[in-house]
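Below is one structure; the comments refer to it alone.
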Amino acid sequence: MSSATDHAEESNYLNAKPGLMSWLTTLDHKRIGVMYLISILTAFFIAGMLAMLVRTELLTPGRTIVDPDTYNQFFTLHGAIMVFMFIIPGIPAALGNFVLPLMLGAKDVAFPRLNLMSWYLWVFGGVFAVVSMVTGAVDTGWTFYTPYSTDTSTSVINMTLGVFILGFASIFTGINFVVTIHKLRPAGMTWWRMPLMLWGLYATAIIQVLATPVIGITMLLLIAERTLGVGIFDPALGGDPLLYQHFFWFYSHPAVYIMILPAMGVISELISVHSRKTIFGYQAIALSSVAIAAFSFIVWGHHMFTAMSPMANMVFSALTFSVSIPSAVKTFNWLATLYRGHIRLNTPMLYALSFLFLFGIGGLTGLFLGTLAVDVHLHDTYFVVAHFHYVMFGGTVIAFLGGLHHWWPKMFGRMYNEGLAKLACFLIFIGFNITFMSQFIMGSLGMPRRYYDYIDAYGSYHVWSSIGAYIMAVGFFLTAGYLIHSLIAGKKAVENPWGAATLEWRTASPPIEHNFHETPDANYPYDYSVNRFNPDTGNYDHIGAPAQEDDDRAVGFHGHGLESTT
Amino acid sequence: MTASGDGPDPFTVIRSQSGPDRDQVNPPGTGTLGFAVLLASLSVLFVASVAGYLYVRINASQWPPAGMPGLPMSLWLSTAVLLGCSVFIHRALKAIQKDDQKGLRRNLQWTLVLGSLFLVLQTLNYVGLAQSNLTAKTNLYGFTFYLLTGLHAAHVIGGLIPLIIVTHRARRGRYSSFFHPGVTYSAMYWHFLDGAWVVLFAVLLIGS
Ligand code: HEM
Ligand SMILES: [Cu+2]
């Protein structure tokens, strides 16, 4: 790459084809990843603004800026857009699409057309969801619980149809990733030499494929109930609202692992690369992803403890506890990786450390909620709201931001302003804790979730919570500012600025259109001896693995792992 | 996997965007695996609906509710017809594996005929039930029946359209023992439809 100065710069995937149409018809996974990135960030912006409106309304008891009905619509749209349009597709479809084939040394995913179709479905589903904002926005809460959702006059059908379509976008991504990982691993990359990001995406893809159809049928049933007036869920018509909740959570609990598993994959990469140390407990981390995926299907009942029989409750409570074991396995392995590593406190690493802290709190408070006796008190309070924000925001969004900063130089070939990035990370971290720590406290004191009004005793907690939210907003606007600025005026990125050993760093930044001039041969993804830092260019040049290490690492060179079983 | 004849084909090769460099040839079996994963996903749709049906059924005191017609006997006929589809599509696949073009065409055509016949029979079933005053709006008994069978019928329609295209291609001699992904996928899909129906029908029978 260093010789690129004397002749005209090589074209890359961003500039190889000009014009909007070349983007809208592209089959290139990198471009689709970027289009997904722009789309989900748009959704994040809309839903984030709605959150600001919710927090502003809650600054004072009673009316602050809007009436109660509008307030219900604000928090419903906030939740539904965040969950279905941002967090679920977030890491897999945006970052995953970009890095997955690169990490495999491949030219693309197995089914590029399906990939593009997934993006169009996202847009299509998103349009339905957003149209529902102007045609009497839903006010049911993001869970669309019946019977209220069959009775309310707001545009439930638009939103649920949107969710239905978004589900297919998610399934298509899942199919693509499962098949690509099975079939397109390069020579030398057995399952046990696959980057942990890919293990995360693989486990996620399995859940996407096997759980998402359930939300599809649930949304269809809800629509049928509203249009036909038969009550499979409505008790007034002989139905059972609990059935809706079973259906909904049978998808939506696994869906929280669609959100967190890829985040854990990102964190595994960030922690190892930026502490310059091979990952500790590779197999344990890889297998725990699969274990989490399997467990995720059998714990949905913990969302309904206050509605089911004692026996069912006990079973679901015990199962819920067992889910935390693989999560803990991962966390301890990450800590062991950090231990005595050469930690670089740059932005990706700061996000990774924030993740460990925040996700730790989120997971541990999940255990409180999984405990029956405690949950009866905490159910439907702000404690639950704080819990899931610690795991979804403190976990997934923070990991997404860390991954975005980690792969930004690769995606766009530019470096961002490190000082501003650290400042923004700090603002988001502080703002986040102020916002949701106060919600833990007021929740345990009994403040119910989704209420418009509250007694004065909760006043100061709500004010703090809103202040924290504004601080976060400043952090996010700052992030948007320096990232966009970097596209125009950022320092050019070298091929491998972090010294990572996964394959996506073995091509230009940004990559050429077909990814690699020659398919790179896979080394163990956390063997950092394959790189040597070049002080002249700031790049970590690939020098290949030292000979004696090849013997034990090349086990299974001919095997494609599980290939023979397919 | 290569024996299934779904090796490199236009479906799994990325069409060139910028010359030969972007062409990626997927290894054999990629299309089949992708299709199998898709079917796994679709089967969850049926499993969830069956679970919903069972939930409603178990909570019901009387099934079918008083004055409601039982399952139409002609469902047995539909079942036989659908099983026939499976047989013919299987024979079509065996034929093309032996490069028997005539056998391929004949068996595909029979699959098409029986598949369409199945839809006609289901429609007649619906009409009959509607005449005895059972529609999807009547009660949960009607709703779940139409839900399960309707979901399946929608998948049959979704299978007939590609089957028409595959039959058309077979007529023009596009397939060979080396290359017949369309036939492979069709066979997988119709076996899936068949399996799903047998399960649905069994559940409906046991339910009532
Ligand atoms: C150790 C792991 C976890 C445990 C034991 C756990 C446990 C629970 C329990 C018992 C509830 C129900 C509380 C109630 O409604 O009374 C709950 C709610 C929730 N959890 Fe978790 N959880 C865990 C991890 C996660 C993760 C990783 C996510 C997402 C990334 C997540 C997202 C949610 C959401 C969204 C809700 C509330 C949904 C709603 O009612 O609106 N949880 N959790
Ligand atoms: Cu859950």
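The values are calculated or read from the model by the stated rules, or taken from the named source; none is laboratory data. What you see is a predicted model; the values in this text were computed from it and never measured. As a convention, Cβ positions derive from the backbone with ideal geometry for all residues, glycine included, and neighbour counts pool all protein chains shown. Calculation scope for accessible area: heavy atoms of the full protein, side chains included, ligands and nucleic acids excluded. Shrake-Rupley method; radii C 1.70, N 1.55, O 1.52, S 1.80 Å.
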Out of B:49, B:41, B:74, report the one residue that is under 15 Å from the mean Cα position of the chain (by Cα) and either of a type in the set (S, T, N, Q) or closer than 21 Å to residue A:221 by Cβ (or both). B:41
For the stretch A:312-327, pairs from a residue that is under 10 Å from residue A:298 (Cα atoms) to a residue that is among the small types (Gly, Ala, Ser) and within 11 Å of ligand 1 (Cβ to nearest atom), with Cβ under 6 Å and 6 or more apart or across chains, are A:316/A:301; A:320/A:370
Given (1) within 10 Å of ligand 1 (Cβ to nearest atom); (2) under 20 Å from residue A:142 (Cβ atoms); (3) modelled with pLDDT of 95 or more, number of the condition residue A:359 does not satisfy: (2)
Among residues of the stretch A:90-114, those that are away from chain B (no Cβ under 14 Å) and either at pLDDT below 95 or over 27 Å from residue A:525 (Cα atoms) (or both), counted: 1
If a residue must be under 20 Å from the mean Cα position of the chain (by Cα) and either among the hydrophobic types (A, V, I, L, M, F, W, C) or crowded, with 24+ Cβ neighbours inside 10 Å (or both), how many such residues does the stretch A:97-124 contain? 15
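Determine whether residue A:393 is within 14 Å of ligand 1 (Cβ to nearest atom), open to solvent by 20 Å² or more (accessible area, probe 1.4 Å) and closer than 16 Å to residue A:256 by Cα.
Working: within 14 Å of ligand 1 (Cβ to nearest atom): yes; open to solvent by 20 Å² or more (accessible area, probe 1.4 Å): yes; closer than 16 Å to residue A:256 by Cα: yes.
Answer is yes for this residue.
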Cβ-Cβ below 7 Å, separation at least six or inter-chain, first residue in the stretch A:248-275 and within 11 Å of ligand 2 (Cβ to nearest atom), second among the aromatic types (Phe, Trp, Tyr): which pairs? A:249/A:300; A:250/A:300; A:253/A:300; A:254/A:297
Can you tell me which residue within the stretch A:229-259, out of those that are open to solvent by less than 10 Å² (accessible area, probe 1.4 Å) and in contact with a Gly (Cβ under 6 Å, 6 or more places away or on another chain), is farthest from residue A:285 (Cα to Cα)? A:231
What pairs come up if the first residue lies in the stretch B:156-167 and is in contact (Cβ under 8 Å) with a residue 40 or more places away in the chain, the second is of a type in the set (Lys, Arg), and their beta carbons are under 7 Å apart, counting only those six or more places apart or on different chains? none
Answer yes or no as to whether residue B:184 is of a type in the set (Val, Ile, Thr), within 22 Å of the chain's Cα centre (by Cα) and closer than 27 Å to residue A:235 by Cα. no
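Given the condition open to solvent by 10 Å² or more (accessible area, probe 1.4 Å), more than 10 Å from every other protein chain (Cβ to nearest Cβ) and modelled with pLDDT of 95 or more, answer yes or no: does some residue in the stretch A:197-206 qualify? Explain how you work it out, then say what you get.
Going residue by residue through the stretch A:197-206, those that are open to solvent by 10 Å² or more (accessible area, probe 1.4 Å) are A:199, A:202, A:206.
Within this subset, residues satisfying the condition of being more than 10 Å from every other protein chain (Cβ to nearest Cβ) are A:199, A:202.
Okay, now just the ones that are also modelled with pLDDT of 95 or more, so A:199, A:202.
Yes: one or more hits.
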Given (1) away from every other protein chain (no Cβ under 14 Å); (2) exposed (fewer than 15 other Cβ atoms within 10 Å of the Cβ); (3) part of a helix (DSSP H, G or I), where does residue B:99 come up short, assuming only one miss? (3)
Among residues belonging to the stretch A:409-427 that are surrounded by 19 or more Cβ atoms within 10 Å (Cβ to Cβ) and free of Cβ contacts under 8 Å to residues at least 60 places away in the same chain, point out the one that is nearest to residue A:358 (Cα to Cα). A:427
Answer residue from the stretch A:235-247, given it is part of a helix (DSSP H, G or I) and without any contact (Cβ under 8 Å) to a residue 60 or more places away in the chain and is nearest to residue A:216 (Cα to Cα) among those: A:247
Those residues of the stretch B:120-150 which are of a type outside the set (Val, Ile, Thr), closer than 28 Å to residue B:166 by Cα and buried (at least 17 other Cβ atoms within 10 Å of the Cβ) amount to B:121, B:122, B:148
Considering only the stretch A:362-382, state which residues are more than 9 Å from ligand 1 (Cβ to nearest atom) and either within 14 Å of chain B (Cβ to nearest Cβ) or closer than 10 Å to residue A:317 by Cα (or both). A:372
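Being more than 9 Å from ligand 1 (Cβ to nearest atom) and crowded, with 18+ Cβ neighbours inside 10 Å narrows it down to one residue among A:309, A:288, A:317; which is it? Even if it seems obvious, please write down each step before you answer.
On the way: A:309 fails: crowded, with 18+ Cβ neighbours inside 10 Å; A:317 fails: more than 9 Å from ligand 1 (Cβ to nearest atom).
So the residue among A:309, A:288, A:317 that is more than 9 Å from ligand 1 (Cβ to nearest atom) and crowded, with 18+ Cβ neighbours inside 10 Å is A:288.
Right, residue A:270: within 18 Å of the chain's Cα centre (by Cα) and away from ligand 1 (no atom under 16 Å from the Cβ) or not? Please lay out each step first, then the result.
Numbers: within 18 Å of the chain's Cα centre (by Cα): yes; away from ligand 1 (no atom under 16 Å from the Cβ): yes.
For residue A:270, the condition - within 18 Å of the chain's Cα centre (by Cα) and away from ligand 1 (no atom under 16 Å from the Cβ) - is met.
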With the condition kept exactly as written, say whether any residue in the stretch A:249-266 is at pLDDT 90 or above, more than 13 Å from ligand 1 (Cβ to nearest atom) and closer than 30 Å to residue A:193 by Cβ. yes
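Residues checked against (1) at pLDDT 90 or above; (2) open to solvent by less than 60 Å² (accessible area, probe 1.4 Å); (3) acidic (Asp, Glu):
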| residue | (1), (2), (3) |
| --- | --- |
| B:25 | no, no, no |
| B:42 | yes, yes, no |
| B:47 | yes, no, no |
| B:54 | yes, no, no |
| B:59 | no, no, no |
| B:62 | no, no, no |
| B:69 | no, yes, no |
